[in-house]
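**Student:** One structure, pasted below without further comment.
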Amino acid sequence: MADLPALLRAELGDAVVTDPAALEAARGDYSGQRSDSAPLAIVEARTIANVQTALRFAHAHRLPVVPRGAGTGLTGGATASAGQLVVSTSRLTSILEINTADQLAVVQAGVLNADLRRAVEPHGLLFAPDPASKEISTIGGNIATNAGGLLCAKYGVTRESVLGLTVVLADGSLLALGHRTVKGVTGLDLTALMIGSEGTLGIVVDATVRLLPLPTGNPATLSATFVDVVAAAAASSGITAARLRPAAMELIDARALHGIHEHLDLPRPAPESVQLLVQFDGASAAADAGVALAILRELGAEVAMTIDAEEGERMLAVRRAFHPAMAARGSVLIEDIAVPRSALPAMVAEIRAIEERFGLEIPTVAHAGDGNLHPNLIYTGDTVPAEIWQAADEMFRAALALGGTLTGEHGVGTLKRRWLEEELGTPQLDLQRRIKEVFDPLGIMNPGKVF
C-alpha cells in the first residue's frame, strides 16, 4: 500500500503533520467524544492553495477528509479516525479587510471570533455572533455549525452575519459564493446552504461577514433570582410577550448555578436559586430594562440592575463559565434543544420530570430569549451510559412534541445522527443526502457526520 502521508508531504512539505500527539488530539473535540483511533495525517494549511492541494490529493486517492478548525465543537463533528485526513484551517488567521463604508470584513477561516470582534470595535463596529467559546472558536467553525451564542435573542445566529464565502470543494476546486452587497438574490442561495453544513459539502476558507454599528450608550443588565426554574422560564416568556427585545436573556437553573459558583470559587447561592440574566443595549437600554424590572418583580423575583458595562459583563461571565464548570465535574453529554419561546416553561418542566424518572441531575442553562436550552447530562467514564442516552432520547422527543428541534446552534455531528430522520422525516433526509452527493459524489467529506 502506498505511503499516503509521504506522498502528500512531497506536495505540501511540513504542512503535513503525523506527530502522534497531534493525531491523538484530532480524535476528540469539546463534546468529550473520541473516535476509536487516530487519523492518518493532518494538513495544517497555511494558504488556500494548501487546502486545495490536500483535497485534490484526497479526491484522487478516495481518502476521507475531516475539516477542522479549533476543535471546540460540541457534537463530535470534527473528530477523526483511522484512514482519515484532517484538513485544518486553524492557521488561516488573516483579517484581509475591514471596510467601514460598507460595514463588512473579509476574514480567513482560522480567525478567532473574539479577535475579529476586537479588531472591528475601534472602528465603531460589531461582529454580532457571540458563542460562549468566542475566545477559542474560529470563524470557519462558527460558520460550519451556524453557531449562536448569548446575543442571538437580538442579533440572530451566524447565518445572519455572513454575506459571502470562499469554499474548497471535495475535488479541490474553489467556489466563490454570495455578495458584498446588502442585497443579492441571483440564483440559489448556496451561501446559506454552506452555513451549518458541518464540513459535509466543502471547506470554508474565507468569509465576507456583515458588521453592525456598535450599540450606543451603556448596556443595562438585570440579574433576577427565582426559587423555581419554571417561574424563571415563565418570566423570560413574559419579557418577550411584552415586546421587549433584550440583547441577551440567559436562564441558569439551580444545579447549573451551584456548579458554576463552585467552579469560579464564588459564594454559594441559596439551595434552589435560579438566575435569569437580562441585558439590553442601544439607546433605549435603560428604559427597556426598567420595564423588564417591573415584570420580574411582579413575578416574585429579587432583582439587581446595573448600567455599568463592566459589571454587566461580570454578570454574564457567570453564564459563560457553564461549560467549563460542568466539564470539571465529569464527562458531559451536552445537549442543544430549542423550542418556541412560549414553550420554554413547558420544556424546563419536561427536563425536571426526566431527571426524576431517571434519577439524574441535569444542570441546564438556556438562551431564554430564543428558546434554546443546554441540558448537560453528567456521567463518569469514556462511554456514554445507556440511561444517559435514554434520558437524552426522551428530551429530544419532548422538544419535538413542543414544536422544537434537536439542535439550536451546536449542530448534529455524530451525537444527534440517530434522531435526524425523526425530526426531518424520510423524504427531506433523502433529499439532503442527494444534495450532499452533488457536492461530494465520492462521499469523502466528513463521512459519518450529520447524515
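FYI, it's all coordinate maths here, none of it is from the lab. These numbers come from a predicted model, not from an experiment. Positions of Cβ are backbone-derived with ideal geometry, glycine not excepted, and every protein chain shown enters the neighbour counts.
**Student:** Going through segment 315-372, which GluC sites (Glu not before Pro) have at most 16 other Cβ atoms within 10 Å and a DSSP loop state?
**Tutor:** Those satisfying the criteria are E361.
**Student:** On a 0 to 90 degree scale, rounded to 10, what angle separates helix 285-298 from the longest Cα axis of the chain?
**Tutor:** Rounded to the nearest ten degrees, it is 60.
**Student:** Please give the contour-minus-distance gain from R245 to A25: 0.36 nm per residue of separation, less the Cα-Cα distance, rounded to one decimal in nm.
**Tutor:** Stretched out fully, the R245 to A25 stretch lengthens by 75.1 nm.
**Student:** Dipole size in debye (nearest 20) for segment 220-401 around its Cα centre, Lys and Arg Cβ +1, Asp and Glu Cβ -1?
**Tutor:** 280
**Student:** While we're looking at this one, here's another question. Please give the calculated 222 nm ellipticity per residue for the chain, where each DSSP H segment of at least 4 residues contributes -39500 (n - 2.57) and the sum is spread over every residue; nearest 500 deg cm²/dmol?
**Tutor:** So the calculated ellipticity at 222 nm is -10500 deg cm²/dmol.
**Student:** Right, here's the next one. Rounded, prolate or oblate: which fits segment 1-52, taking a ≥ b ≥ c as square roots of the Cα gyration tensor eigenvalues, rounded meaning a/c under 1.5, else prolate when a/b beats b/c?
**Tutor:** Oblate.
**Student:** Once you place label points 7 Å from the Cα toward the Cβ at R268 and A349, how far apart are they in nm?
**Tutor:** 3.1
**Student:** Using the count of nearby Cβ atoms within 10 Å as a rough guide to exposure, how do F322, F358 rank from fewest to most?
**Tutor:** Ascending Cβ contact count within 10 Å gives the list F358, F322.
**Student:** Assign one of three labels to segment 220-401, namely rounded, prolate or oblate, based on the Cα gyration tensor with a ≥ b ≥ c the square roots of its eigenvalues; rounded applies when a/c is under 1.5, prolate when it is not and a/b is larger than b/c, and oblate otherwise.
**Tutor:** Taking the square roots of the gyration eigenvalues as a ≥ b ≥ c, segment 220-401 is prolate.
**Student:** Taking the simple approach of a point 7 Å from Cα along Cα-to-Cβ for both R433 and E135, what is their distance in nm?
**Tutor:** 4.3
**Student:** Give the separation of the Cα centroids, segment 268-332 to segment 35-52, in Å.
**Tutor:** 41
**Student:** Pop the C-beta distance of A49 and E361 into the FRET formula with R0 = 51 Å and round what comes out to the nearest 0.05.
**Tutor:** In this case the efficiency is close to 0.50.
**Student:** Taking the Cα centre as origin and putting +1 on Lys and Arg beta-carbons and -1 on Asp and Glu beta-carbons, what dipole magnitude results for the chain, to the nearest 20 debye?
**Tutor:** 820
**Student:** Kindly identify segment 168-279 as rounded, prolate or oblate by the Cα gyration tensor criterion: order the square roots of the eigenvalues as a ≥ b ≥ c, call it rounded if a/c is under 1.5, otherwise compare a/b with b/c, prolate if a/b is larger, else oblate.
**Tutor:** Prolate, since a/c reaches 1.5 and a/b exceeds b/c.
**Student:** Follow-up question, since we're still on this one. Just going by the charge dipole of segment 117-202, with Lys and Arg at +1 and Asp and Glu at -1 on Cβ, which of A144, G202, P131 is farthest out on the positive end?
**Tutor:** Among A144, G202, P131, the one farthest towards the positive end of the dipole of segment 117-202 is P131.
**Student:** Looking at L96, M395, V412, which one has the Cα that reaches farthest to the positive end of the dipole of the chain (charges on Cβ: Lys, Arg +1; Asp, Glu -1)?
**Tutor:** Farthest towards the positive end: L96.
**Student:** Taking the DSSP beta bridges in the chain as the whole, what percent of them are antiparallel, to the nearest 5?
**Tutor:** So the antiparallel bridges amount to about 85 percent of the total.
**Student:** Hey, with R₀ at 45 Å, roughly what FRET efficiency would H179 and R62 work out to, going by the Cβ-Cβ distance, to 0.05?
**Tutor:** Efficiency for this residue pair is about 0.85.
**Student:** Taking the Cβ of G238 as the center, what net charge do the other residues with Cβ under 15 Å away carry, scoring Lys and Arg +1 and Asp and Glu -1?
**Tutor:** +1
**Student:** Between segment 403-451 and segment 344-386, what is the C-alpha centre distance in whole Å?
**Tutor:** A separation of 23 Å, based on Cα centres.
**Student:** Could you work out how far apart the two model spin labels at A386 and L7 are, taking each label as a point 7 Å from the Cα in the direction of the beta carbon, and quote it in nm?
**Tutor:** Going by the 7 Å Cα→Cβ label model, 4.4 nm.
**Student:** Among T306, T364, T216, what is the fewest-to-most ranking by other Cβ atoms within 10 Å?
**Tutor:** Fewest-to-most ranking of T306, T364, T216: T216, T306, T364.
**Student:** Trypsin sites (Lys or Arg not before Pro) within segment 28-111: which are DSSP loop residues with at most 11 other Cβ atoms inside 10 Å?
**Tutor:** R62
**Student:** Please go through segment 91-164 and write out the GluC sites (Glu not before Pro) that DSSP classes as loop and that have at most 16 other C-beta atoms within 10 Å.
**Tutor:** For GluC sites (Glu not before Pro) across segment 91-164 that sit outside H, G, I, E and B with at most 16 neighbouring Cβ atoms in 10 Å, the list reads E135.
**Student:** Sticking with this structure for a sec: A 26 angstrom limit on the alpha carbon distance is what I want to check against. Which of K154/K183; K134/K183; K154/K449 exceed it?
**Tutor:** Distance filter (> 26 Å) returns K134/K183; K154/K449.
**Student:** Order of T93, T426 from fewest to most other C-beta atoms within 10 Å?
**Tutor:** T426, T93
**Student:** Another one. Pick out, from L177, S35, H258, the residue whose Cα sits farthest towards the positive end of the charge dipole of the chain, with +1 on the Cβ of Lys and Arg and -1 on the Cβ of Asp and Glu.
**Tutor:** Most positive-ward Cα: L177.
**Student:** While we're here: Around A82, with a cut-off of 11 angstrom between Cβ atoms, what is the net charge of the other residues, counting Lys and Arg +1 and Asp and Glu -1?
**Tutor:** Charge balance near A82 sits at 0.
**Student:** Another question, if that's okay. Helix 48-60 sits at what angle to the longest principal axis of the chain, using alpha carbons and giving 0 to 90 degrees rounded to 10?
**Tutor:** The two axes meet at around 60 degrees.
**Student:** Give the long-range amide H neighbours of L163: residues separated by 5 or more places, or on another chain, with amide H under 5 Å away, using H modelled in the peptide plane at 1.01 Å from N.
**Tutor:** So L163 has HN proximity to T208, V209, R210.
**Student:** Taking only Cα atoms, what is the 0 to 90° angle, nearest 10, from helix 229-241's long axis to the longest principal axis of the chain?
**Tutor:** That helix lies at roughly 80 degrees to the long axis.
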